[in-house]
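Scroll down for the structure; my scribbles are underneath it.
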Amino acid sequence: MYKNILPVLHFLDILNKYLKKTKFINAGSCLMYDNSNVSPQHEKLKWQSSSPYGISKIVSANFVKYYRENYKIFSVTPILYNHESSRRGEQFVTQKIISNMIKIKQKKIKSFTLGNLNTIKDWSHANDIMDALILISKSKKPIDYVVSSGKGRTIMDFVKTTARVLGILDYKKVIKIDKNLNKSNFSKTKLVGNSKLIKKNLKWKNKISFEKMIAEMIENRLLQK
């Protein structure tokens, strides 16, 4: 996970030497809280992670904080929770669900396999997350904001909404469970963010609903066929 650390450090060093007025935004992750045992997570909560990815993000965020405090660079690490769009890659569970549910609807397959359907995610549309980053880049005070929908939804909620959009009634019958899947992403903490601070300070809000986000992803997937 050094790719989450060394490039950030190099950028910060360059900014400090040559481009002190440039604003630097380092994308953080909700996995920086995956060992905190506190939910929802907020800006005052200490970063604690038990995953290599989350730890690497914490390391880079600490470098960002160090340069901000010691060299007066506008450098921040907004903590970004799960964000989805039609550009999401095939390796992610959301696209796996959408792709297979479309195949179910088209009667190309009869079932597909998922892991823990009770896993909770805090999903937002990627466009809303980018709006937040733009507002942060235009702000005067560098703050490591939590950026999230503030709503926890399960994998089953994603499946159910996808089925409803596609008009699949017996969606529970087409899913097979493999408990060995997604173990690497297991977190004992309910990863849901509290974004009251960015909403208060920068007037940010989620504009695209969970349902609309999924409908857009489905529509785009169908257009690719």
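The values are calculated or read from the model by the stated rules, or taken from the named source; none is laboratory data. Small disclaimer: the values here were computed from a predicted structure and weren't measured. Reconstructed Cβ throughout: ideal geometry from the backbone, glycine too, with neighbour counts over all protein chains shown.
List of remarks:
- The residues of segment 205-225 that are within 30 Å of residue 52 (Cβ to Cβ) and assigned to a loop (DSSP other than H, G, I, E, B) amount to a single one, 206.
- The set of residues in segment 16-63 that are hydrophobic (A, V, I, L, M, F, W, C), free of Cβ contacts under 8 Å to residues at least 24 places away in the same chain and within 19 Å of residue 191 (Cβ to Cβ) comprises 45, 47.
- On the stretch given as segment 16-31, residues that are hydrophobic (A, V, I, L, M, F, W, C), out of contact with any helix residue (DSSP H, G or I) (no Cβ under 7 Å at 6 or more places or on another chain) and more than 18 Å from residue 133 (Cα to Cα) total 1.
- Looking at 60, 50, 56, just one residue is closer than 27 Å to residue 206 by Cβ and not β-branched (Val, Ile, Thr), and that residue is 60.
- Residue in segment 91-98 that is among the charged types (D, E, K, R) and at negative phi present: yes
- Checked against (1) touching a residue at least 24 places away in the same chain (Cβ under 8 Å); (2) closer than 16 Å to residue 28 by Cα, residue 66 passes all but condition (1).
- Scanning segment 53-84 for residues being surrounded by fewer than 20 Cβ atoms within 10 Å (Cβ to Cβ), of a type in the set (Lys, Arg) and touching a Phe, Trp or Tyr at 6+ places or on another chain (Cβ under 9 Å) gives a total of 1.
- Options 115, 89; residue that is without any contact (Cβ under 8 Å) to a residue 24 or more places away in the chain and either crowded, with 18+ Cβ neighbours inside 10 Å or within 22 Å of the chain's Cα centre (by Cα) (or both): 89
- Boolean, residue 92 is aromatic (Phe, Trp, Tyr), under 26 Å from residue 28 (Cα atoms) and out of contact with any Ser or Thr (no Cβ under 6 Å at 6 or more places or on another chain): yes
- Test result for residue 50, polar (S, T, N, Q), buried (at least 19 other Cβ atoms within 10 Å of the Cβ) and outside any strand (DSSP E or B): no
- Tally, over segment 167-193, of residues that are in a loop (DSSP other than H, G, I, E, B), touching a strand residue (DSSP E or B) at 6+ places or on another chain (Cβ under 6 Å) and closer than 23 Å to residue 42 by Cβ: 1
- Each residue in segment 92-145 was checked for being assigned to a loop (DSSP other than H, G, I, E, B), more than 29 Å from residue 73 (Cα to Cα), of a type in the set (Gly, Ala, Ser) and at pLDDT 95 or above, and 1 pass.
- Residue within segment 1-22 that is among the charged types (D, E, K, R) and touching a strand residue (DSSP E or B) at 6+ places or on another chain (Cβ under 8 Å) present: no
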